[in-house]
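A short write-up of the structure that comes next.
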Amino acid sequence: MRISLIVAMAENRIIGRANGLPWRISADLKHFKAITTGKAVIMGRKTYESIGRPLPDRHNIVVSRDLDFEPDCVEVARSLKAALHAAEGWGDDEAMVIGGAAIYEQALAQADRLYLTEVHAEVQGDVSFPEFDPCQWRELSRERHSAGQGADHDYSFVVLERGIAFDVDGLDAGPRARAYFADGGYYCAEAVLKSLMETSDRVETVPVRVASGFCSGLARTSSLCGALSGGILALNLALGRDEPGRPIERNYAAIRDLMALFEARFGATQCGVLTGVDLDTEDGRQAFAAKGQKESCRDYAAVVAEWVETRLRET
């Protein structure tokens, strides 16, 4: 299940004032309804009371520790963890956290996606959205709109998805992958998968040979980088489905992030483009050796292993 936060936020991170919104943007209310309808919406008690009623066509889950709080047509959860568990049984694979500030702060570390309405102004208010590192998020879409009828300020609808933070202090998979590829006799996909099976208890242990055919750009066809393939295999073992009907979006999201951020860092995902040679020919293999290309491939393996280990620790 994807965990998403949806919020309207000013440039100084203000999101509320006196139990209400410090601006008037009618299109944002329609946007909120379109994004959240048919999904579980998770909110704190103050947010629920400011709305004044359950949101229609949504499964309303209110987080409150007050044992006497029992509103009609609402599910009450005693913690955010309990609320997320309740949301898993709802009809959509995405749970929407809609506020307030304390719930946002608790949920942010677990969030996969942010739906932001960026209000292009600094306003006075008494509630702020928690700080977050933009380097850990990649922008999927942005739509800017001008102030005018129904809008006090210019604003943008922005969708962010959690990306990669290349902070690898204390992580082991990257150095292991590099060592296995450099001196251990393993090829790229094998080295990445082996290192992750050893360093993450989320990755089921399987024979390394399941990765062999993915090495050298999928068996020397100049296709997907073998290091990426090894990382994808590890993500599948950790996040993939065991049976039909189970959610798959978190697995897909992790793989999309890995692919996008690898390409952003190295410029391509295809072995033939990355190496500049055709490994299926003797000339290509000689050129690969002459260029010292294996050192770059060790870097690819280390980066993929580091990122997958980080992602699995956060998931």
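Laboratory data are not the source of any read-out in this text; all were calculated from the coordinates shown. No experiment lies behind these values; they were computed from the predicted model shown. Glycine gets a Cβ as well: all are built from the backbone with ideal geometry, and neighbour counts include every protein chain shown.
Miscellaneous remarks
- For the chain, the longest principal axis of the C-alpha atoms and the axis of helix 188-199 are separated by about 60°.
- Were the residues from ASN19 through ASP172 laid out at 0.36 nm apart, the gain over their Cα-Cα distance would be 50.4 nm.
- q = 0.11, 0.26, 0.29 Å⁻¹: log10 I(q)/I(0) that the Debye formula gives for region 22-88, counting C-alpha atoms only: -0.27, -1.20, -1.35
- Considering only ALA101, ALA77, ALA27, the mean-square fluctuation computed in a Gaussian network model of the chain, springs between alpha carbons under 10 angstrom, is largest for ALA27.
- Entry for Kirkwood radius over Cα pairs in Å (calculated from the structure that is shown) out of [x] 21.7; [y] 22.7; [z] 20.7: [x]
- Contour minus Cα-Cα distance for ARG65 and THR221 (0.36 nm per residue): 50.4 nm
- A simple spin-label model places pseudo-atoms 7 Å from Cα toward Cβ; at ALA182 and SER156 they are separated by 4.1 nm.
- Full extension of the chain segment joining GLU282 with LYS33 gains 83.7 nm, where the gain is 0.36 nm per residue of separation less the Cα-Cα distance.
- Report note on the peptides 224-231, 78-85: ranked by the mean count of other C-beta atoms within 10 Å, highest first, their order is 224-231, 78-85.
- Separation between Cα centres of region 223-265 and region 178-196, rounded to whole Å: 18 Å
- Restricting the calculation to Cα atoms, region 2-162 yields a radius of gyration followed by a Dmax of 15.2, 45 Å.
- Using a simple spin-label model with pseudo-atoms 7 Å out from Cα toward Cβ, GLU122 and GLU263 lie 3.8 nm apart.
- Share antiparallel - DSSP beta bridges, the chain, percent rounded to 5: 50 percent
- Enclosing the Cα atoms of region 173-314 in their convex hull gives a volume equal to 102 cubic angstrom per residue.
- Protection proxy ranking of 289-301, 110-122, 185-197 - average other beta-carbon atoms within 10 Å, highest first: 185-197, 110-122, 289-301
- Taking packing as the residue-averaged number of other Cβ atoms within 10 angstrom, the listed peptides 43-50, 6-13 run from highest to lowest as 43-50, 6-13.
- Compared with the dominant principal axis of the Cα atoms in the chain, helix 293-314 is inclined by about 30°.
- With a Cα cut-off of under 22 Å and a minimum spacing of 8 residues unless on different chains, the lysine pairs in the chain number 6.
- In this calculation the C-beta distance from ASN236 to ASP72 is compared with R0 = 35 Å, giving a FRET efficiency of 0.20.
- Most mobile listed residue (ASP92, ASP257, ASP283) in the chain, GNM with C-alpha springs under 10 Å: ASP283
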